[in-house]
Structure formats: C-alpha cells, structure tokens
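The values are calculated or read from the model by the stated rules, or taken from the named source; none is laboratory data. This one's a predicted model, so the numbers in the text were calculated from it and none came from an experiment. Cβ: placed from backbone, ideal geometry, glycine included. Neighbour counts: every protein chain shown.
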Amino acid sequence: MLEAHTPRPEDERAELLIITGMSGAGRTRAAAVLEDLDWYVVDNLPPTMLLPLAGMMTASGAGVRRLAVVVDVRGGEFFADLARVIDDIRAQDLEYRIVFLDASDEVLVRRFEQVRRPHPLQGDGRILDGIAEERRVLAHLRERSDVVLDTTDLTVHELAAQVRDVVAGEADRPLRLTLVSFGFKYGLPLDADHVVDVRFLSNPYWVTELRHLTGRDDAVRDYVLALPGAQDFVDAYVSAVEPVLDGYLREQKPYVTIAVGCTGGKHRSVAIAEAMAERLREDGNSVRTLHRDLGRE
C-alpha cells in the first residue's frame, strides 16, 4: 500500500534512497531488487557514515549515481543518529527519499517464527514486545518517509514489482535479452533459457564462395534468410516467444538467454540470431547478440 509518494528525481540527478522500516517487512528483499537494477546498495549502514557516502555520488560518468542504503534498528545505539544525519543531508541540498517498509504485527510474528530468529529488540521478552518497541522507535521516521510500502499481503514477487515500480520507477524497464549463436558440435550454452536449432536450413559451408565468411557478412545473411522457411521461422518464433517474455517480466526474471545453434556456429546460427535480435528490438526489448563459436574453425 502506497501512503506517500514524492516525485522521483530527474534521471540526470544523483539519487539517494534511505531504506528503513520494520524488521521482517522485506527490507532485504527490497535491497536485493535495487541491486539487480544496478543501484549501489549498502546494508546495515551506521547513520553517521551516510553523509560521507552520499558525498561520493556523481550525477553522471564515473562514480556512484544511484545509492540505496539500508538503515534500521540493527544499528543499535548508532541508529539514534539517523534523524540528525537526515537533517544534515537536507541542509546540504542533497536529493534523497526515505522508503519505509511495514507489515501487520501478525504477519511480522509469523515471519520471525518461520525463520526461527529473535526480533532484534525483543531482549528477554516476546517477539511482539520487540515489534512494539520497534514501532515506537520508528514512529517519527515513518512520518518523515516519502514512500511507505505495506508488505502484509505481498508475495516476494509482488514486493519486487512494487519496488521496481514505486521506488525505482522502472516498472516499464524492458526485458534484457541475450541471443547467443553456437555450434552444436561444441556443446550447448550452459546458461540458455531457450535453445533454437536451425540445422534444418541448408548449410552455407558447402557454398565455396561463402565458406570463409560468417553470418555477420551480408552475403551469408542474405543467403540464409532467402532459404525456404528461414524468414517464416524467424517471424513465427519471435511471435511465439513474446508471451513467454511477458511472463518472465511478471515473474521478475528480467534477464533471458536464447541460444541459436547450427553445426559449427559460424553461418546459419549467426545470421538467424541477428535477424531475431532485430525483430525483438523492434518490439521494445533490450537485446544484445553474442557469437560464442566464431573463430573456432
């Protein structure tokens, strides 16, 4: 549940996120999602170190542009410095947002019981005692937060989607695809999510004037794509894989590898991988091509 939301800084500005909230509400998961989105993430940072770390940020070029720090009651007596540090950050006119993760007491108790760990503030008391004390300590910080995420009814995947959308503003970030051409005689790529076999196409290797070229050369590409069924295969495969890619995004799998293979990984697989990549880019995907076995013959 989003209770407050301040505008996201412009892309050219350095971004600082202070992630805090109730223990067991999903801070670690939120930090992991941001790290996957190329944020520089520091967990359990003493508040007094926040200002020097923020001073390392740069708007562009080398250095840290997007910094997320997890600051919470695990810091013990150091955590008391956070309010003063936030005031210092504001006084220096640094862009920052506070993200507070929360959940119901019932859910927090259940989560602690599932992992069989004590609440950091419960001492000799019950888990509920620790939760009550943490709510008291964090009350002022929750009021100052820009974004409050209630994770009571969220699965880990739903929480990740909320972080990508509300916190990082990257709900529409395109899927990042890698198309790898390879030769079956050298083995399958170990990281392939999908494997495409294009050995049904005639092999340019047997055409004397094409043998020394690769699928990157115009002559080979034109030859392969003009073969019966080649272009139809590219079009049909891209159409068939589109709902799969949409599903990967829903399931928080933003990186996908499609391996395209022929006998030696030099002609057909290279040309077809490049043709598929071009079609997928037209659909708004971020695509790179990698030709694993070029140069092995």
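Worth a mention:
- On the stretch given as region 211-243, residues that are free of Cβ contacts under 8 Å to residues at least 40 places away in the same chain and among the hydrophobic types (A, V, I, L, M, F, W, C) total 6.
- Residues in region 267-297 that are assigned to a loop (DSSP other than H, G, I, E, B) and at pLDDT below 95: ASP283, GLY284, ASN285, ARG292, ASP293, LEU294, GLY295, ARG296, GLU297.
- Checking each residue in region 86-104 for being in a helix (DSSP H, G or I) and surrounded by fewer than 19 Cβ atoms within 10 Å (Cβ to Cβ) picks out ASP87, ASP88, ILE89, ARG90, ALA91.
- Lone qualifier among VAL244, VAL287, VAL238, VAL256 - being among the β-branched types (Val, Ile, Thr), in contact with an Asp or Glu (Cβ under 8 Å, 6 or more places away or on another chain) and more than 21 Å from PHE200 (Cβ to Cβ): VAL256
- Yes/no for ALA230 being surrounded by 14 or more Cβ atoms within 10 Å (Cβ to Cβ), within 16 Å of THR178 (Cα to Cα) and out of contact with any Gly (no Cβ under 6 Å at 6 or more places or on another chain): no
- Selection over region 244-295 of residues that are touching a residue at least 40 places away in the same chain (Cβ under 8 Å) and either closer than 20 Å to ARG221 by Cβ or of a type in the set (Gly, Ala, Ser) (or both) gives a count of 32.
- Of HIS140, HIS194, HIS157, all but one fail to be over 24 Å from ARG288 (Cα atoms) and within 26 Å of the chain's Cα centre (by Cα); the exception is HIS157.
- Which numbered condition ASP165 misses (of (1) closer than 30 Å to LEU16 by Cβ; (2) in contact (Cβ under 8 Å) with a residue 12 or more places away in the chain; (3) surrounded by fewer than 17 Cβ atoms within 10 Å (Cβ to Cβ)): (2)
- Out of GLY284, GLY265, GLY261, one residue alone is assigned by TED's automatic domain parsing to the domain that holds ARG216, in contact with a strand residue (DSSP E or B) (Cβ under 9 Å, 6 or more places away or on another chain) and on the phi > 0 side of the Ramachandran plot. It is GLY265.
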